[in-house]
């Protein structure tokens, strides 16, 4: 009997020590799966997968169809920021805090951030209430500041001072509510800096925002690090807070903002994560100069054991044929003579054309391009045929006199085509006399404008 009681007690204790993460999507999404991740640095670590179950519930005296899910976490589950992902494209996820308690929430999958509502979890309810209350007051303060810049008045100054006292008091209230909890770190970091006195010029206003942006954000906080919070704030600061329409000025602003961030980060692993994240963003922007700058100035100076050589190789390969790069080497044999792109000295500019005799679009455009380039003395065309064999290719190139013609067998799998990351034909790449890529027009009309401009 004692053994039976002990077994029941053990099972009961084990069940009670588990934690439930449950959610409800209304209206239902398009998928029937859902994934749970743990956020750690700039990465999301897979935890579990689950199934979305369709259910009919009564809400406001009306029946409605929803999708529900539930995850069970063990007693030793890590405290921190978690993410449920319900779509492969767009912002198909919601984040929440977990600190050894059940978490329950509902949301509209088409607008998750604005619609998420927590029904269980003291941590998340406090944070959601704080964001709601603080946003109202912050909006008033921002509106008063903008109003004053447009039409200065003593009344606006007094109102600004009054609202500033309210927001300071509100933050103190929530700091007390969250004391000792995981959410305390996020509440303190979300407390935006406001000038003690209203700014008298727009420049003063912006300088205050940018200059004090990280005053209350601890870039070395482990709880903040293990969430999307820091990456989101860094993204805003680097890419949106520092802006100029002049390209050279913008490059300097990017460099300065990244330097400001990295100077404050003591954790070398997180510094590496930030660099890899920012480098990836500049790759997406096709900003070769910033990618090179970040590797040379920061990434290559990280401790050797932290540098990810595979990441660097992938990153540089993605921008290897972007504007500003020297074009990868191309070698070919033409009429018994060997040629190399790098050693050609026949014109001020060169045009690489990747095409195929089996591409109907190419067969319409290439003759038009040939006619257009006939009298362009400062331009030399290298037409690279991506083919499975040379039969139709030989027939076609006889029509395009005056061009260089290179044959690339294995079509899409051709090593040169892969080096140039060719995914469609025709593809046009314009080079200067040093074989540096200066343009990658997507249309024939765009190409004609560039060639005309270079004459």
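The values are calculated or read from the model by the stated rules, or taken from the named source; none is laboratory data. Just so it is clear, the model here is predicted, and its values are computed rather than measured. Note that each Cβ is placed from the backbone with ideal geometry, even for glycine, and that neighbours are counted across all protein chains shown.
Quick look at the numbers
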| quantity | calculated |
| --- | --- |
| Residue that is surrounded by the fewest Cβ atoms within 10 Å (Cβ to Cβ) [pool: residues in the stretch 328-343 that are in contact with a helix residue (DSSP H, G or I) (Cβ under 9 Å, 6 or more places away or on another chain) and not in a strand (DSSP E or B)] | 329 |
| So residue 291, is it touching a strand residue (DSSP E or B) at 6+ places or on another chain (Cβ under 7 Å) and either surrounded by 12 or more Cβ atoms within 10 Å (Cβ to Cβ) or modelled with pLDDT of 95 or more (or both) | no |
| Criterion: surrounded by fewer than 17 Cβ atoms within 10 Å (Cβ to Cβ) and either in the same structural domain as residue 96 (by TED's automatic domain parsing) or in contact with a strand residue (DSSP E or B) (Cβ under 6 Å, 6 or more places away or on another chain) (or both) - qualifying residue of 162, 121, 147, 115 | 115 |
| Filter pass, residue 140 being touching a helix residue (DSSP H, G or I) at 6+ places or on another chain (Cβ under 7 Å) and closer than 30 Å to residue 93 by Cβ | no |
| Selected residue (only one of 377, 394 is in the same structural domain as residue 353 (by TED's automatic domain parsing), at pLDDT below 95 and surrounded by fewer than 17 Cβ atoms within 10 Å (Cβ to Cβ)) | 377 |
| Conditions (1) buried (at least 19 other Cβ atoms within 10 Å of the Cβ); (2) in contact with a strand residue (DSSP E or B) (Cβ under 8 Å, 6 or more places away or on another chain): number failed by residue 126 | (2) |
| Complete set of residues in the stretch 130-150 that are touching a residue at least 40 places away in the same chain (Cβ under 8 Å) and within 19 Å of residue 189 (Cβ to Cβ) | 130, 131, 133, 134, 138, 141 |
| Single match in 310, 315 (criterion: buried (at least 17 other Cβ atoms within 10 Å of the Cβ) and assigned to a helix (DSSP H, G or I)) | 315 |
| Selection within the stretch 288-307 - assigned to a loop (DSSP other than H, G, I, E, B) and free of Cβ contacts under 8 Å to residues at least 12 places away in the same chain | 304, 305 |
| Scope the stretch 165-218; condition over 21 Å from residue 257 (Cα atoms), loosely packed, with under 15 Cβ neighbours inside 10 Å and under 30 Å from the mean Cα position of the chain (by Cα); matching residues | none |
| Residue that is assigned to a helix (DSSP H, G or I), at negative phi and within 19 Å of the chain's Cα centre (by Cα), where the choices are 260, 235 | 235 |
